Amino acid sequence: MSEESGCDWSQNLSAAERTEAVALTVSEPRTANWIATEAEVAHETATKYLTRLVDDGKLRAETQGQQTTYAPDPVGQYLIEMRDLYENHSPDELATSLEAMNNEIRTWKTEYDVETPNELRASLSNAADREDERTRRQAAREWEHLQTRRRLVEDALRLYDRFPSEQNPVSV
């Protein structure tokens, strides 16, 4: 982090906000020391806020021996994202998004004559060249991502059936 951006970071956000921002965006479990360094807070400060985030269900803590690592709770993140979709998109917008995802997956199935992302990966030996291999690997990653997003959108749509009087969607 540059000194200029570090100055803005620590002046514009509280220690709690910086700790949360770092902890909720890690791609792999990290220690309190690592998070403290990235958030520019003391180890004790990071530990205090990390404990709070675990208690709030936003993070998971896993201890092995003397070391505890922290990572976003996948269930908590899923529920937060699903609620965000429900609150900020109408059922029609969600259905349109779902349709677009389904069309993209159908296109890959047809184009590569496969049924799953792993079948697509297995088809790398059929690739015409390195660029085709790269394209197939990228499509498999995107396909897996869309499968997760599709489940989120489907679950958000089900919320409209379960809580019809609560809906207050905002147009995007």
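The values are calculated or read from the model by the stated rules, or taken from the named source; none is laboratory data. The shown structure was predicted, so the numbers you read here are calculated from the model rather than taken from an experiment. Surface areas here come from the heavy atoms of the whole protein model, side chains and all, with no ligands, DNA or RNA. Shrake-Rupley method; radii C 1.70, N 1.55, O 1.52, S 1.80 Å.
Annotations
- A full extension of the chain between GLU93 and THR25 corresponds to an added length of 21.8 nm, given 0.36 nm per residue minus the alpha carbon distance.
- If you model segment 76-162 as an ellipsoid using its alpha carbon gyration tensor, with each semi-axis the square root of five times an eigenvalue, the axes come out at 31, 12, 9 Å, biggest first.
- Summed over the residues of the chain and divided among them, the accessible surface reaches 65 Å² per residue at a probe radius of 1.4 Å.
- The mean sequence separation of alpha-carbon pairs under 8 Å and at least six residues apart, normalised by the residue count of segment 76-162, gives a relative contact order of 47 percent.
- Mean residue ellipticity at 222 nm, helices only, the chain: -22000 deg cm²/dmol; runs of at least 4 DSSP H residues each add -39,500 (n - 2.57), and the sum is divided by the number of residues.
- Relative contact order, percent, the chain [alpha-carbon distance under 8 Å, six or more residues apart]: 20 percent
- Normalised by the number of residues in segment 15-72, the mean separation of alpha-carbon contacts (under 8 Å, six or more apart) gives a relative contact order of 41 percent.
- For the chain, the carbon plus sulfur part of the accessible surface works out to 45%, probe radius 1.4 Å.
- Shape call, the chain: gyration tensor on alpha carbons, a/c limit 1.5: oblate
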